[in-house]
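The values are calculated or read from the model by the stated rules, or taken from the named source; none is laboratory data. None of the values given here were measured: they were computed from a predicted structure. Every residue, glycine among them, receives a Cβ derived from its backbone with ideal geometry; neighbour counts consider all protein chains shown. Surface areas here come from the heavy atoms of the whole protein model, side chains and all, with no ligands, DNA or RNA. Shrake-Rupley method; radii C 1.70, N 1.55, O 1.52, S 1.80 Å.
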Amino acid sequence: MAATASPTPAPSSSPPAPRPRPWHKQLYFWVLTAIVAGVLTGWLWPSVGVALEPVGTTFVSAIKMLITPIVFLTIVAGIGGVDSLRRVGRVGLKSLVYFQAGTLAALAIGLIAVNLFQPGAGVHAHPGDLQLSGDAAQYVKDGENQSWWHFLTDIVPSSAVGAFAEGNILQVIFFAVLFGVALKAVGPVGAPLVDGINRLSAVVFKILHYIMLAAPVGAFGAMAYTIGEYGISTLTSLGRLIGLFYGTSLFFVVVVLGGVLALLRINVFRLLNHLREEFLIVLGTSSSESVLPRVMAKLEGLGVRRDIVGLTVPTGYSFNLDGSSIYLSLAAVYIAQATDTPLTIGQQLGLLAVMILTSKGSGGITGAGFIALAATLSTVGTVPAAGIMFIFGIDKFMSECRALTNLAGNSVATLVVARWERVLDTERVNRVLRTGTPEPEADPTPAAEQPRPADAAPSLAKT
């Protein structure tokens with residue numbers, strides 16, 4: 001009697017997850033160590049910290065060098081890879097609707113918080129005694145030259161090359177959308193260009209991978225300069241306003257954004273933990289732009305469709321600035337309180353209406369928060385613009401919180417738009433958030449929508 005062969009075990013439906021790297025080899029560990037070292041250096045040796053400014057600015061400049069090419073290539077590839085231009089328009093419209101709702105919620109929460117806790121009460125500063133000087137004076141001058149409709153006219157670049165050279169993300173998005181739509185409209189003629197753009201994206205992302213290896217060095221230099229230049233004492237002098245801003249932003253992320261994610265059956269703390277490296281890099285460099293490509297890669301790794309990520313995330317960097325919105329409403333009313341300028345509910349709502357517009361399109365601009373604040377105060381005219389001198393010294397510390405909140409808001413926005421499009425696999429998202437391992441695309445993609453090469457963005461999720 002022949003021996004019965006043992007049954008062959010069925011192959012696993014998915015390969016085993018790779019073994020996680022030791023904690024001391026993770027990027028977030030080295031970035032966190034660099035931030036702590038930078039704080040100590042700037043505190044104990046202020047002159048050394050100030051001298052390290054070029055280290056931080058050079059790293060941020062190296063990142064910004066690649067931001068506009070990455071935004072352009074990602075948007076064009078996303079539009080060129082979809083099967084319908086109607087879907088592109090639908091995704092773009094839904095993104096803008098959500099951005100507007102998020103901005104309004106952030107502004108309203110900031111307005112409620114500053115009226116509830118009144119951090120500026122008791123300062124009793126006279127507006128006539130305030131003297132604008134240095135960078136603050138320039139920011140106010142720039143803000144006075146901007147109207148509430150300024151971002152609408154600036155969206156169209158006078159030169160396509162100039163938009164890239166100036167690093168104006170909003171203008172690059174405008175040109176990229178036009179280019180992608182035209183590329184899709186010409187049909188088979190544009191197919192070789194789409195393939196070439198995907199290949200070029202792989203090269204650009206590989207360059208970014210090399211630059212990100214220096215992230216701990218850049219974070220160390222930037223943090224050492226901030227503490228050395230402004231000093232820890234600056235934090236304590238206006239501690240109430242700083243504490244209120246950080247507390248309000250934390251409330252917005254955990255409660256508001258957490259509530260939105262709860263409706264999607266996603267845990268906000270797991271998402272924040274999944275993006276911990278990106279948050280630490282932003283904390284060290286005070287720039288959410290420094291992690292834009294990495295965030296896009298991780299969102300794709302969660303299973304969000306590439307065209308949704310390519311349209312929503314870059315656009316959100318100009319239209320969905322939740323942290324900046326909270327800052328605007330807090331700062332404007334704080335200045336009114338500090339200068340004993342009475343504001344009725346109607347006047348505060350008027351400020352909010354203007355801020356809905358002035359908060360847009362300022363991503364990537366040095367002093368963007370101050371320029372938007374000055375533009376708002378100059379437009380309304382009820383609060384003295386010179387009052388921004390009160391918060392100029394602490395703006396650097398507040399910019400970090402703005403960038404962190406903006407990053408969280410744009411990550412959540414992308415998931416919401418994907419769910420709105422009914423293409424979000426919530427089970428897959430939660431599985432990736434639990435394991436920390438991106439999964440390959442399970443659903444078949446249209447023939448024109450080829451996956452990104454292995455050296456492109458998905459590889460960044462593990463760097």
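Quick check on residue 404: is it open to solvent by 30 Å² or more (accessible area, probe 1.4 Å), under 19 Å from residue 269 (Cβ atoms) and either in contact with a helix residue (DSSP H, G or I) (Cβ under 6 Å, 6 or more places away or on another chain) or modelled with pLDDT of 80 or more (or both)? Talk me through it step by step, then tell me what you get.
Values: open to solvent by 30 Å² or more (accessible area, probe 1.4 Å): yes; under 19 Å from residue 269 (Cβ atoms): yes; either in contact with a helix residue (DSSP H, G or I) (Cβ under 6 Å, 6 or more places away or on another chain) or modelled with pLDDT of 80 or more (or both): yes.
Answer is yes for this residue.
Within the stretch 19-35, is even one residue more than 22 Å from residue 279 (Cβ to Cβ) and either surrounded by fewer than 12 Cβ atoms within 10 Å (Cβ to Cβ) or modelled with pLDDT of 80 or more (or both)?
Filtering the stretch 19-35 for residues more than 22 Å from residue 279 (Cβ to Cβ) gives 19.
Within this subset, residues satisfying the condition of being either surrounded by fewer than 12 Cβ atoms within 10 Å (Cβ to Cβ) or modelled with pLDDT of 80 or more (or both) are 19.
Scanning the stretch 19-35 turns up at least one residue that is more than 22 Å from residue 279 (Cβ to Cβ) and either surrounded by fewer than 12 Cβ atoms within 10 Å (Cβ to Cβ) or modelled with pLDDT of 80 or more (or both).
Looking only at residues in the stretch 193-214 that are open to solvent by 40 Å² or more (accessible area, probe 1.4 Å) and of a type in the set (Val, Ile, Thr), which one is nearest to residue 292 (Cα to Cα)?
That would be 207.
Kindly provide the set of residues from the stretch 239-272 that are within 16 Å of the chain's Cα centre (by Cα) and not small (Gly, Ala, Ser), ordered by number.
Residues of the stretch 239-272 that are within 16 Å of the chain's Cα centre (by Cα), as a first pass: 249-250, 252-253, 257, 271-272.
Within the stretch 239-272, 250, 252, 253, 257, 271, 272 qualify.
Quick check on my filter: what residues within the stretch 70-98 are of a type outside the set (Val, Ile, Thr) and either under 17 Å from the mean Cα position of the chain (by Cα) or open to solvent by 50 Å² or more (accessible area, probe 1.4 Å) (or both)?
Here is the first cut: in the stretch 70-98, the ones of a type outside the set (Val, Ile, Thr) are 72-73, 77-78, 80-81, 83-87, 89-90, 92-96, 98.
Across the stretch 70-98, the qualifying residues are 72, 83, 85, 86, 90, 93, 95, 96, 98.
Spot the failing condition for residue 462; the list is (1) at pLDDT below 90; (2) surrounded by 19 or more Cβ atoms within 10 Å (Cβ to Cβ), and only one is missed.
Unmet condition: (2).
Inspect all residues belonging to the stretch 413-421 and state whether any of them is open to solvent by 30 Å² or more (accessible area, probe 1.4 Å), of a type in the set (D, E, K, R) and modelled with pLDDT of 70 or more.
Initial filter on the stretch 413-421 (open to solvent by 30 Å² or more (accessible area, probe 1.4 Å)): 419-420.
So of that shortlist, the ones also of a type in the set (D, E, K, R) come out as 419.
Now narrow it down to the ones that are modelled with pLDDT of 70 or more: 419.
For the stretch 413-421, residues open to solvent by 30 Å² or more (accessible area, probe 1.4 Å), of a type in the set (D, E, K, R) and modelled with pLDDT of 70 or more: present.
Check the stretch 279-296 and report whether any residue there is open to solvent by 20 Å² or more (accessible area, probe 1.4 Å), farther than 30 Å from residue 194 by Cα, assigned to a helix (DSSP H, G or I) and modelled with pLDDT under 90.
Yes; the residues of the stretch 279-296 include at least one that is open to solvent by 20 Å² or more (accessible area, probe 1.4 Å), farther than 30 Å from residue 194 by Cα, assigned to a helix (DSSP H, G or I) and modelled with pLDDT under 90.
Being farther than 23 Å from residue 66 by Cα, of a type in the set (Gly, Ala, Ser), at pLDDT below 70 and surrounded by fewer than 17 Cβ atoms within 10 Å (Cβ to Cβ), is that true of even one residue in the stretch 351-372?
No: the stretch 351-372 contains no residue that is farther than 23 Å from residue 66 by Cα, of a type in the set (Gly, Ala, Ser), at pLDDT below 70 and surrounded by fewer than 17 Cβ atoms within 10 Å (Cβ to Cβ).
Does the stretch 29-56 hold any residues that are free of Cβ contacts under 8 Å to residues at least 60 places away in the same chain and within 18 Å of residue 397 (Cβ to Cβ), and which are they?
36, 40
Please state which of the following conditions residue 112 fails to meet, knowing it meets all the rest: (1) within 22 Å of residue 357 (Cβ to Cβ); (2) modelled with pLDDT of 85 or more; (3) surrounded by 14 or more Cβ atoms within 10 Å (Cβ to Cβ).
Looking at each condition in turn, residue 112 falls short on (3).
Filter the stretch 227-273 down to the residues that are outside any helix (DSSP H, G or I) and either modelled with pLDDT under 90 or closer than 30 Å to residue 45 by Cα (or both), then identify the one that is most open to solvent (accessible area, probe 1.4 Å). Steps first, please.
We begin by selecting, within the stretch 227-273, every residue outside any helix (DSSP H, G or I); these are 231-232, 238, 264-267.
Then drop every residue that is not either modelled with pLDDT under 90 or closer than 30 Å to residue 45 by Cα (or both), which leaves 231-232, 238.
Values: 231: 18, 232: 62, 238: 36 Å².
The selected residue is 232.
Hey, can you tell me all the residues within the stretch 57-70 that are in contact (Cβ under 8 Å) with a residue 24 or more places away in the chain, closer than 15 Å to residue 287 by Cβ and not small (Gly, Ala, Ser)?
The initial filter retains those residues of the stretch 57-70 that are in contact (Cβ under 8 Å) with a residue 24 or more places away in the chain, namely 57-60, 62-64, 66-70.
Filter again for closer than 15 Å to residue 287 by Cβ, leaving 57-60, 62-64, 66-68, 70.
Within the stretch 57-70, 57, 58, 59, 60, 63, 64, 66, 67, 68, 70 qualify.
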